[in-house]
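Each remark here refers to the structure printed beneath this line.
The values are calculated or read from the model by the stated rules, or taken from the named source; none is laboratory data. The shown structure was predicted, so the numbers you read here are calculated from the model rather than taken from an experiment. Neighbour counts are summed over all protein chains in view; Cβ atoms, including those assigned to glycine, are modelled from backbone coordinates with ideal geometry. Ligands, DNA and RNA are stripped out before the accessible areas are found, and what is left, the full protein with its side chains, is counted by its heavy atoms. Shrake-Rupley method; radii C 1.70, N 1.55, O 1.52, S 1.80 Å.
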Amino acid sequence: MISGMVAGRDDQALSRVPGVARHPWWSVAVQRFGQTTALSQLVLGAALGFGMRFWDAVLALTIGAVLLSAVAVAVGVIGQREGLPTAILSRWTGFGHAGSAVLGLVIALSCTGWFGVQTGLAGAALAATAGVVPAPVWSLLVGIVITVVAACGVRWMAWTSYVAVPAFLGLLAWLVIRNVNDVGVLGGPAPGPSIGMLTAITLVIGSFIVGAAIAPDLTRFHRSGRDVVKQTVLGVAAGEWVIGLAGVVLAHGLGTTDVMGVLSETGGWVGALIVVTAVLKINDWNLYSASLGLVNFFDAVFSLRISRTQMTVVVGCAGSSLAAAGVVHQFTHFLVLLGVVFPPVAGIMLAEYYVVRRWRNEIISTRPNVPRSAPSWVPATVVIWPASAVIGELAPIGQSGVNSLVLAFALYVCAGRLNLLRMRTRRATNRDMKAA
């Protein structure tokens, strides 16, 4: 089906990324940096700065970023070695065909939902500034632009990041300088109610644990494991730290956590452009991951190979329409709840690939192609995945994402040691799933 698109713009959605299609580490790092330098990180930094002394907040950001980087590197190296997106890779890392289909659908729902929420945010900012057309129209326009970029593939998304990331950082620096004139306030006490160090670190980890869990979607384009490490340090650690630090400075300088209010008061096109550039560089990846998840879902469930480009256009139009209608904002709590299911995925993948190795030889020995078959489903994973998510969320201590990741890892290793990872039949893999 449209072989040129499948090999090019489809970015090997159902096959391994070959060596000739791998990117320089800095190209991937800029895109990862674009994902982590979001408005949510600015709001997080402001929350920490409002409840902590400056250097305590810096310490919390640093520890959280290091822990996130460890997860992102461990999962990302699997993607780099095997050249497969998260949903496809999961077929041989503990989930089987059925589990990968569910995972692909969850990724698609989550990413499409957040795409709609953030597109609506950009539309509202532009409408407030321009005052020419209403927010729904702006939301549609922003959504269409992002859809075109994501449909054209990783190379277009890289060039978008080259422009949007520096623009966002420059505008953000201007915002901080304009609003914080007295740097002496950074040495003072927290402006608001105190936040404990453990709570602060928990908030930092929770801010990007989902992105770390689905790292293979991006790291499959790396050329070596060292590239994954370098990209993660720049993209995740620096992104979490720099943008979070800007939020800390704003909170101490202005005595507020209301970052969006500061943007509104700043007014003009600068405030609107901060929002738009922040949305643009992360929303193309939301849409991209959603399309990868759905391509895997239709292949796993219906044996239909659908072009990622075509799926991106369909999902982008749907998400943009929902954003224009304002519907997605009603499902924000549901989207947050969906985020709970991702950390156990990383725990299971790490346990299978590095420790248990029940199906690792299959995926390694078939390079550069994809194994001819995969387990239909793995009963133990059906129990471990939801159980880890629920227990991790309800545990009275720690961070829910970290809790569920560690628990899933431990339970899967135990299942492997007790010989409980028995698959229920095998299913043939699409014969077209070869290296492009």
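In this structure, is ILE177 surrounded by 24 or more Cβ atoms within 10 Å (Cβ to Cβ) and either on the phi < 0 side of the Ramachandran plot or in contact with a strand residue (DSSP E or B) (Cβ under 6 Å, 6 or more places away or on another chain) (or both)? In short, no. Once the range 365-389 is narrowed to residues that are β-branched (Val, Ile, Thr) and in contact (Cβ under 8 Å) with a residue 40 or more places away in the chain, the residue that is farthest from PRO344 (Cα to Cα) is VAL370.
Of the helices (runs of 4 or more DSSP H) lying entirely inside the range 20-107, those containing at least 3 residues that are touching a Gly at 6+ places or on another chain (Cβ under 8 Å) and over 25 Å from ASP10 (Cα atoms) are 39-51, 54-82.
Among the residues of the range 154-174, those identified as under 21 Å from GLN310 (Cβ atoms), open to solvent by less than 70 Å² (accessible area, probe 1.4 Å) and modelled with pLDDT of 90 or more are MET157, THR160.
I'd like the full set of residues that are aliphatic (A, V, I, L, M) and open to solvent by less than 40 Å² (accessible area, probe 1.4 Å), limited to the range 405-419.
Listed by number, the residues that qualify are LEU405, ALA408, VAL413, ALA415.
Pairs meeting the criteria (first residue in the range 1-25 and over 18 Å from GLN80 (Cα atoms), second residue modelled with pLDDT under 90 and open to solvent by 60 Å² or more (accessible area, probe 1.4 Å), beta carbons under 6 Å, at least 6 apart or on different chains) are ALA7/ALA436. Residues being closer than 21 Å to LEU14 by Cβ and among the small types (Gly, Ala, Ser) are represented in the range 313-332 by at least one member.
Of all residues being part of a helix (DSSP H, G or I) and open to solvent by 10 Å² or more (accessible area, probe 1.4 Å) in the range 293-308, which is nearest to GLY113 (Cα to Cα)? Just the residue, please. Only one residue fits best here, namely LEU294. Residues of the range 309-355 that are in contact with a Leu (Cβ under 7 Å, 6 or more places away or on another chain) and β-branched (Val, Ile, Thr): THR312, VAL315, VAL328, VAL345. Summed over the range 346-367, the residues that are within 12 Å of GLY416 (Cα to Cα) and open to solvent by less than 10 Å² (accessible area, probe 1.4 Å) give a count of 5.
Conditions (1) more than 28 Å from THR429 (Cβ to Cβ); (2) open to solvent by 20 Å² or more (accessible area, probe 1.4 Å); (3) at pLDDT below 95, marked per residue:
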{"position": "MET5", "(1), (2), (3)": "no, yes, yes"}
{"position": "ASP10", "(1), (2), (3)": "no, no, yes"}
{"position": "GLN31", "(1), (2), (3)": "yes, no, yes"}
{"position": "GLN41", "(1), (2), (3)": "yes, no, yes"}
{"position": "GLY45", "(1), (2), (3)": "yes, no, yes"}
{"position": "LEU68", "(1), (2), (3)": "yes, no, yes"}
{"position": "ARG91", "(1), (2), (3)": "no, no, no"}
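Residue-level check: of (1) touching a Pro at 6+ places or on another chain (Cβ under 7 Å); (2) surrounded by fewer than 16 Cβ atoms within 10 Å (Cβ to Cβ), PHE334 misses just (1). The residues of the range 141-153 that are open to solvent by less than 70 Å² (accessible area, probe 1.4 Å), within 16 Å of GLY120 (Cα to Cα) and aliphatic (A, V, I, L, M), listed by number, are VAL142, ILE146.
Reported count of residues in the range 209-239, each being under 9 Å from the mean Cα position of the chain (by Cα), at pLDDT below 90 and of a type outside the set (Gly, Ala, Ser), is 2.
Scan ARG53, ARG81 and give me the residue that is more than 18 Å from the chain's Cα centre (by Cα), more than 30 Å from ALA380 (Cβ to Cβ) and open to solvent by 10 Å² or more (accessible area, probe 1.4 Å).
On the way: ARG81 fails: more than 30 Å from ALA380 (Cβ to Cβ).
Among ARG53, ARG81, only ARG53 is more than 18 Å from the chain's Cα centre (by Cα), more than 30 Å from ALA380 (Cβ to Cβ) and open to solvent by 10 Å² or more (accessible area, probe 1.4 Å).
When VAL370, VAL402, VAL383 are checked against the criterion of being crowded, with 16+ Cβ neighbours inside 10 Å, in a helix (DSSP H, G or I) and either of a type outside the set (Asp, Glu) or at positive phi (or both), VAL402 stands alone in meeting it. Among the conditions (1) aliphatic (A, V, I, L, M); (2) open to solvent by 50 Å² or more (accessible area, probe 1.4 Å); (3) more than 25 Å from the chain's Cα centre (by Cα); (4) farther than 24 Å from ASP217 by Cα, ALA428 misses just one, which is (4).
Among the residues of the range 118-126, are any without any contact (Cβ under 8 Å) to a residue 24 or more places away in the chain, under 18 Å from LEU39 (Cα atoms) and of a type in the set (A, V, I, L, M)? Yes: the range 118-126 contains one or more residues that are without any contact (Cβ under 8 Å) to a residue 24 or more places away in the chain, under 18 Å from LEU39 (Cα atoms) and of a type in the set (A, V, I, L, M).
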